[in-house]
Every structure is written in C-alpha cells, then in structure tokens.
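So the structure is just underneath, and the comments pick up after that.
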Amino acid sequence: MQKITILIHCEDQKAIIASVTHYIASIDGNIIYLDQHVDADENVFFMRLECEFSAKNWDIETIKKDFQTNLATPFNMFWEIYTQEHKPKMALFVSKYDHCLYDILGRYSAGELPLEIPLIISNHEDLRPVAERFDIPFRYVPFTKEIKAQGEQQQMDLLKEYNIDFIVLARYMQIVTPELIALYKNQIINIHHSFLPAFPGAKPYHSAFKRGVKIIGATSHYVTEGLDEGPIIEQDIARVSHSHSIDDFIMKGRDLERMVLARAIKLHAERKTMVYNNKTVVFS
C-alpha cells in the first residue's frame with residue numbers, strides 16, 4: 001500500500017469534505033484519518049487527511065494534477081500532498097547548550113522521529129563531539145556581528161547543499177536573519193522558556209526564582225522576524241514552589257524544553273501543523 005497525507009485550507013464553504021472524500025473514493029483510495037477545523041472568525045476551513053492506495057492504482061503525479069483540477073481550483077484551495085516515503089530533512093542549529101541536542105539525537109537514533117538529520121550547524125565548536133558520536137556531519141559557522149553576512153551566506157549554502165526542508169534551533173543563541181527566515185518561512189522551529197517577555201535576558205530562571213513564580217514553562221514556535229512572536233506549536237508547564245532552588249528551576253526548565261521541542265518537531269515532521277495569520281492549527 002502507498003500512503004499520502006493531504007493538507008488543505010481555503011474559505012469555508014459547503015461540500016468541501018464531501019467533495020474531497022468522494023474524489024479519494026473515486027480513485028480507489030481509502031481514507032484512514034481525517035480531521036478538520038473551521039476558524040469562524042476568519043471563515044477559513046482547514047483539513048488534514050491520510051489515504052492509502054493499492055500499488056496498482058498508484059500514480060502521485062496524476063493524483064496531484066487531478067486534485068488541482070477537480071478540487072483545488074473550484075474551491076480555491078491552498079493544498080499540499082506528501083508521500084509516506086518522503087521524510088523531511090532537518091538541520092539542527094546549536095551553540096553550547098547540549099540538553100536539547102542530546103534529546104533530539106537520542107530520539108532520532110531510536111527511530112522516534114520520522115525525518116532525516118543530515119546536518120548540524122553551530123557557531124561554536126563545543127558540540128562537535130556530540131555530532132560525531134551520532135555520526136552526523138557538523139559544520140562550524142562563525143556568526144558574530146562583524147561577519148554576520150558571511151555567516152548567513154555560509155549557512156544558506158550548507159542548507160542548499162544538504163537539501164534541508166526545515167530547521168530546528170536547539171538552543172541556538174543567535175538571532176536568525178530575516179533573509180534566512182524568508183527562505184524557510186514557517187519552517188524554522190525554536191524553543192524558549194515561557195517566561196518571555198516577563199523574564200528576558202540571559203538568566204530567566206534566576207529572575208523567575210527571585211519573583212517567586214509558581215509555574216515555569218517552555219514554548220516551541222515557528223520563527224518570524226518578530227523575536228519570539230511566531231506561531232506557537234507546543235507548550236508545557238511544571239509547578240514550582242518556595243522549596244525549589246535555582247538549580248531545581250533550571251533542571252525542570254530544561255526537562256520542559258526537551259519535551260516540548262521534541263513534540264513540536266514530531267508534529268511538524270508528521271505534517272500535523274498548519275499556519276495561518278500567525279496562529280497554528282495543530283491536528284492530533
């Protein structure tokens with residue numbers, strides 16, 4: 001059996017679901033998953049479905065052409081079709097923190113993430129041994145204010161060379177350039193502590209500790225030019241109290257960062273996220 005995933009969004013109107021399911025049935029496809037959502041404020045319809053086809057009836061290019069003619073054009077749809085065989089290629093950007101990198105590579109090695117990791121890029125050499133331990137190419141790209149343009153170009157050249165589909169900032173401590181964001185629109189995932197903007201700066205857990213917060217968290221989102229203002233993919237929290245030390249805050253925070261980033265990566269790789277007007281629709 002061959003399997004495809006279809007993502008659709010368009011203006012909400014009558015008979016979209018019926019038309020799509022009828023089309024899949026007409027080409028001998030079997031729908032094994034379907035979920036939909038309507039944004040009532042924007043009057044926008046979203047749908048994700050997974051379909052199976054027997055090998056004898058399988059021709060992805062014909063399906064794409066017919067889908068455009070019979071469905072996308074009449075309903076004015078924005079749509080994407082992905083085959084099960086196509087695993088997205090993810091590049092990791094890192095600096096010196098290793099907790100998210102180890103977690104991602106461990107899950108990847110265990111077969112938990114439906115993707116490929118052909119490249120790790122860093123503005124420091126510190127994590128090269130980690131990349132080598134997992135046998136993944138590591139490229140050192142200096143990225144300072146004085147040579148930012150050269151660093152950006154080197155990053156983009158590497159991403160093109162390795163045919164990268166999306167990027168994950170696994171505690172990469174540099175601001176991504178607008179040019180790279182435009183090149184990978186809604187394809188760059190970041191992780192940060194949920195204290196922002198209340199606790200910005202280099203030591204957010206120390207600031208939170210001093211304020212006596214009762215909840216700490218982490219947020220994973222797509223990167224936009226607005227710093228930490230991109231569409232949110234995944235979030236989680238942990239409760240803390242006066243009995244916890246700063247080290248406890250940091251440990252709990254890093255645990256949250258690992259889990260939230262891993263969930264966001266998996267959702268993206270499985271084509272379960274759709275972005276519209278700086279918000280995400282995330283299908284289960």
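Quick notes
- Pick from the stretch 14-46, criterion in contact with a helix residue (DSSP H, G or I) (Cβ under 7 Å, 6 or more places away or on another chain) and at pLDDT 95 or above, ranking: surrounded by the most Cβ atoms within 10 Å (Cβ to Cβ): Val20
Conditions (1) touching a residue at least 40 places away in the same chain (Cβ under 8 Å); (2) aromatic (Phe, Trp, Tyr); (3) under 20 Å from Pro74 (Cα atoms), marked per residue:
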position	(1), (2), (3)
Ile8	yes, no, yes
Asp12	no, no, yes
Ala18	no, no, yes
Ile24	no, no, yes
Ile27	no, no, yes
Ile32	no, no, no
Asp35	yes, no, no
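- Filter result for Tyr140 (touching a His at 6+ places or on another chain (Cβ under 8 Å) and farther than 20 Å from Lys266 by Cα): yes
- In the stretch 94-123, the qualifying residues are those that are under 9 Å from Tyr172 (Cα atoms) and not basic (Lys, Arg), and the one that is most open to solvent (accessible area, probe 1.4 Å) is Tyr97.
- Qualifying residue in the stretch 72-93 (condition: surrounded by 15 or more Cβ atoms within 10 Å (Cβ to Cβ) and over 27 Å from Lys279 (Cα atoms)): no
- Summed over the stretch 6-63, residues that are in a strand (DSSP E or B) and hydroxyl-bearing (Ser, Thr, Tyr) total 1.
- Residue list for the stretch 220-246, restricted to those being surrounded by fewer than 19 Cβ atoms within 10 Å (Cβ to Cβ) and in a strand (DSSP E or B): Ile232, Gln235, Asp236, Ile237, Ala238, Arg239
- Candidates Leu158, Leu169, Leu183, filtered to the one that is on the phi < 0 side of the Ramachandran plot, modelled with pLDDT of 95 or more and in contact with a Lys or Arg (Cβ under 6 Å, 6 or more places away or on another chain): Leu158
- Filter result for the condition that a residue is open to solvent by 10 Å² or more (accessible area, probe 1.4 Å) and closer than 28 Å to Asn278 by Cα, over Ile147, Ile164, Ile216, Ile191: Ile164
- Members of the stretch 145-204 that are in a loop (DSSP other than H, G, I, E, B), touching a residue at least 40 places away in the same chain (Cβ under 8 Å) and within 19 Å of Lys96 (Cα to Cα): Ala170, Arg171, Tyr172, Met173, Gln174, Ile175, Val176
The values are calculated or read from the model by the stated rules, or taken from the named source; none is laboratory data. Source: prediction; values computed, not measured. Methodologically, a virtual Cβ is constructed for each residue, glycine included, from the backbone with ideal geometry; neighbour enumeration extends over all protein chains shown. Areas reflect the complete protein model, heavy atoms only, side chains present, ligands, DNA and RNA absent. Shrake-Rupley method; radii C 1.70, N 1.55, O 1.52, S 1.80 Å.
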